[in-house]
Amino acid sequence: MPLYALGDLVPSVHPEAFVHPDAVVIGDVTIGAGSSVWPSAVLRGDYGSISVGERTSIQDGAVIHATATNPTRIGSDCVVGHLAHLEGCTVEDGSLVGSGSIVLHDAVVRSGALVGAGAVVSNRVEVPAKAMALGVPAKIREDAVPEGSFEPAVQLYAWNASRYKTDLRRID
């Protein structure tokens, strides 16, 4: 697994997490139990810290970064879609950040909220709990996400990470 220390900044990956061999984790990054980081994802904790809770999936090609004044915090039971970009923001527990979306500095995605595919959540925008943020720039639709909507995806990625931990092998 490609983990890189940067000076004194050393990643901390829980032994029950899965980081694909083609993902990159650098510096001040913490990844919780049961979480997964998929191919081509980059978590670069060089300027600031990044934390990923438990059972959260960071999917293929996602870019997670932070600034010196804005850590990036991703809660437990979250799904961060393919090619998403999160920087200096907070994504609370049980949220979904869709494929190709962008969540920027000081933005907060509250518990159970959804950032739609391709949406841009600008600096300092708050997406309320159970709301959808859709479009560019993101428009908020409150109370649009039913309770437990993302649980099947969280469970699927937790199962898949477990499968990859035991069955993935390079053949060339």
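Number of residues in region 85-109 that are closer than 16 Å to residue 51 by Cα and assigned to a loop (DSSP other than H, G, I, E, B) equals 10.
Restricting 58, 50 to those that are touching a strand residue (DSSP E or B) at 6+ places or on another chain (Cβ under 7 Å), closer than 13 Å to residue 154 by Cβ and not basic (Lys, Arg) reduces the list to 58. The set of residues in region 3-61 that are in a loop (DSSP other than H, G, I, E, B), of a type outside the set (A, V, I, L, M) and over 23 Å from residue 100 (Cα atoms) comprises 7, 8, 11, 14, 15, 16, 32, 34. The residues in region 112-129 that are over 27 Å from residue 68 (Cβ atoms) and part of a loop (DSSP other than H, G, I, E, B) can be counted, and the count is 6. Checked against the criterion of being assigned to a helix (DSSP H, G or I), of a type in the set (Ser, Thr, Tyr) and in contact (Cβ under 8 Å) with a residue 40 or more places away in the chain, region 148-155 contains not a single residue that satisfies it.
Scanning region 130-140 for residues that are outside any loop (DSSP other than H, G, I, E, B) and either touching a residue at least 60 places away in the same chain (Cβ under 8 Å) or surrounded by 17 or more Cβ atoms within 10 Å (Cβ to Cβ) (or both) gives 132, 133, 134. Does residue 61 satisfy the condition of being closer than 21 Å to residue 21 by Cβ, touching a Leu at 6+ places or on another chain (Cβ under 7 Å) and surrounded by fewer than 24 Cβ atoms within 10 Å (Cβ to Cβ)? The answer is yes for residue 61.
We did not get these values from a lab; they are worked out from the coordinates using the rules stated. Every value quoted in this text rests on a predicted model; they were computed, and no experiment measured them. Cβ atoms come from the backbone with ideal geometry, glycine included; neighbour counts cover every protein chain shown.
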